[in-house]
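So the structure is just underneath, and the comments pick up after that.
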Amino acid sequence: MLQVLQTGDVKLTGPKVRKNALKADNPAFFRASNLPRLIKLPLDANRQFQFNTVNTALDFEKKENYMNRRTFLKAVPALGVLGVTNLSFSKDANDVNTIADVNKPMTPAEPVGEPIKLNPPELNKGLSLMQALKQRKTNRSISNKSLTPQQLSDLLWAADGVNRPDNKRTSPAAMGVYNTDIYVVLEEGVYLYEPVKQELKSVVKGDFRKSAGMQDFVFSAPVNLVYVYNPKDAKNPRMPVPQEKRLVWIDVEVGCMVQNVYLYCASEGLATVVRGMIDQKKFGEIIKVKPEQVIIAQTVGFPK
């Protein structure tokens, strides 16, 4: 459920609202006849509501107290993007949970030690693609046995490693702008995967696996991957990334990484599960990013 708590905020509510609540002095309500939910749009003192989704404003002006169906349907794509990416707003002026803040370049945590150089991927092993697809599955029954250094290297390379001389990767990214980072949560610490250098940059030392998820198997699994949105500008300024599509493209990028991990695990005989259960605020504090930038997580290990 998308909830925004501010003047001009959006709140999805249940379908039962009394008609006598719809008065000129009350926040405007509107309904699409083919949708079961109501959306509440408080109007500001100027009787104007602006919903800014990644620099694309949908303006609702005082032409009438109730929004018509056509205006509502124009707003639905923007609301859908926010619903997918768990972005929200707050009425606290000091709160960073806004679309504009999310798209500012983030200040990553300072490295705490020398980077770990990963092995080059071993390319001449494993199942065929068709067999890996046949074996692809989710498995939450994961042991605490550690992956070998080569397996960890191959896993990360499969997820988003460089596979061409021009530094393009195993996962696609819109317009070649890679906006997703992979944080690797191991027993000994949290690391940032650097695909071009094929190395792990140490972010923080210590066992933070309990901050990488909410299910018991996460706490003992050898590897947890956390996919984090890292906003970047388009390489060609004459062709900027369309802001209204940016977040949708990010979801596609992450989905490709997740599936790459699934296929590698199927080929290597490992267990994996992608999961949305992660405390975004807590993990964001550890790696020093905004909670909204923490997208989703994936656990990897040997099956029990």
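Inspect all residues belonging to the range 277-291 and state whether any of them is among the polar types (S, T, N, Q), over 29 Å from Leu133 (Cα atoms) and in contact with a Ser or Thr (Cβ under 7 Å, 6 or more places away or on another chain). No, the range 277-291 contains no residue that is among the polar types (S, T, N, Q), over 29 Å from Leu133 (Cα atoms) and in contact with a Ser or Thr (Cβ under 7 Å, 6 or more places away or on another chain).
Residues that are touching a Gly at 6+ places or on another chain (Cβ under 9 Å) and surrounded by fewer than 18 Cβ atoms within 10 Å (Cβ to Cβ) are absent from the range 281-301 altogether.
Go through the range 128-137 and give me each residue that's exposed (fewer than 13 other Cβ atoms within 10 Å of the Cβ) and hydrophobic (A, V, I, L, M, F, W, C). Answer for the range 128-137, where residues must be exposed (fewer than 13 other Cβ atoms within 10 Å of the Cβ) and hydrophobic (A, V, I, L, M, F, W, C): Leu129, Met130. Report yes if some residue within the range 248-257 is at negative phi, surrounded by fewer than 21 Cβ atoms within 10 Å (Cβ to Cβ) and of a type in the set (Gly, Ala, Ser); otherwise report no. Looking through the range 248-257, at least one residue is at negative phi, surrounded by fewer than 21 Cβ atoms within 10 Å (Cβ to Cβ) and of a type in the set (Gly, Ala, Ser). Among the residues of the range 253-292, the ones that are under 23 Å from Lys168 (Cβ atoms) and in contact with a Pro (Cβ under 8 Å, 6 or more places away or on another chain) come to 2 in all. Candidates in the range 177-208 are the residues that are in contact with a Lys or Arg (Cβ under 6 Å, 6 or more places away or on another chain) and at pLDDT below 95; of these, the one that is nearest to Asp251 (Cα to Cα) is Asn179.
Contact map, the range 176-200: first residue assigned by TED's automatic domain parsing to the domain that holds Val294 and within 17 Å of Lys288 (Cβ to Cβ), second residue surrounded by fewer than 17 Cβ atoms within 10 Å (Cβ to Cβ) and among the basic types (Lys, Arg), Cβ cut-off under 7 Å, separation 6 or more or different chains; pairs are Gly189/Lys205.
The values are calculated or read from the model by the stated rules, or taken from the named source; none is laboratory data. From a predicted model like this one, the values you see are computed outputs, not experimental measurements. Heads up, the Cβs are rebuilt from the backbone with ideal geometry, glycines too, and the neighbour counts pull from every protein chain shown.
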